Amino acid sequence: MKLLALAAAGAAVLSAAPAFAVDFNTYNISFTNGTSIVGQSRTAPGEYQDTYVFTLDQAGTFSGSLTTQLQTNPAGDVVSNLDFGNSIDGVSIDGGTPFDLPIAGDLESVNLASILLAAGTHSLVVNYTVQTASLGNGASYAGPINFTPSVTTTDVPEPATWAMFVGAFGLVGASLRQRRSTRVAYTI
């Protein structure tokens, strides 16, 4: 009987909370001079997932930040409020461990700590909940993301080149070890 009462209480709590369907959006981005600005503005409360897809020609370091700010009207009423994270997750790259989210407040900033990415296609996923918004006061976030290609050094010789180096040194060494006997004849 207690289990039934507990289940009924849990159902009442869940039904009292507003249920939002997650709105999924995908955007293709590219880096101009190593930086791209990402961000969205929403005019309706709800849960959102924005996916930013990008392709890298070479490996390098990815970093950035995303920021949002709670807005109030002159009377002090909240007119737009966006919180990072929702029922799915927070902010992550390539489905990995989410970046640390800030504590909800007037100004929230997610630090996208530097990570190394290989060449190929990647995705930055931003999950967030819009608590308050309207056509006149959209809730938004924005921020720069950066990509710095890895520094490449001179190319490493191929194995055949190494074999030629070793062979050349062997020939030089053999020629130095070879003793030539020179006869010196003295005339009296």
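The values are calculated or read from the model by the stated rules, or taken from the named source; none is laboratory data. Just so it is clear, the model here is predicted, and its values are computed rather than measured. Neighbour counts run over all protein chains shown; Cβ positions are idealised from the backbone, glycine included.
Of note:
- The condition (being in a strand (DSSP E or B) and either within 14 Å of I145 (Cα to Cα) or not hydroxyl-bearing (S, T, Y) (or both)) is satisfied by just one residue among G96, G76, G105, G39: G39.
- Residue pairs meeting the criteria (Cβ under 7 Å; at least 6 apart or on separate chains; first in contact (Cβ under 8 Å) with a residue 24 or more places away in the chain, in segment 92-107; second of a type in the set (A, V, I, L, M) and part of a loop (DSSP other than H, G, I, E, B)): D106/L70
- Those residues of segment 42-64 which are assigned to a strand (DSSP E or B) and buried (at least 16 other Cβ atoms within 10 Å of the Cβ), in sequence order: R42, G46, E47, Y48, Q49, D50, Y52, F54, L56, G60, F62, G64
- Among the numbered conditions (1) at pLDDT below 90; (2) in contact with a strand residue (DSSP E or B) (Cβ under 7 Å, 6 or more places away or on another chain); (3) more than 30 Å from T55 (Cβ to Cβ), the only one that P102 does not meet is (3).
- Residue satisfying condition, being more than 17 Å from the chain's Cα centre (by Cα) and either more than 18 Å from F24 (Cβ to Cβ) or surrounded by fewer than 16 Cβ atoms within 10 Å (Cβ to Cβ) (or both), within set G143, G136: G136
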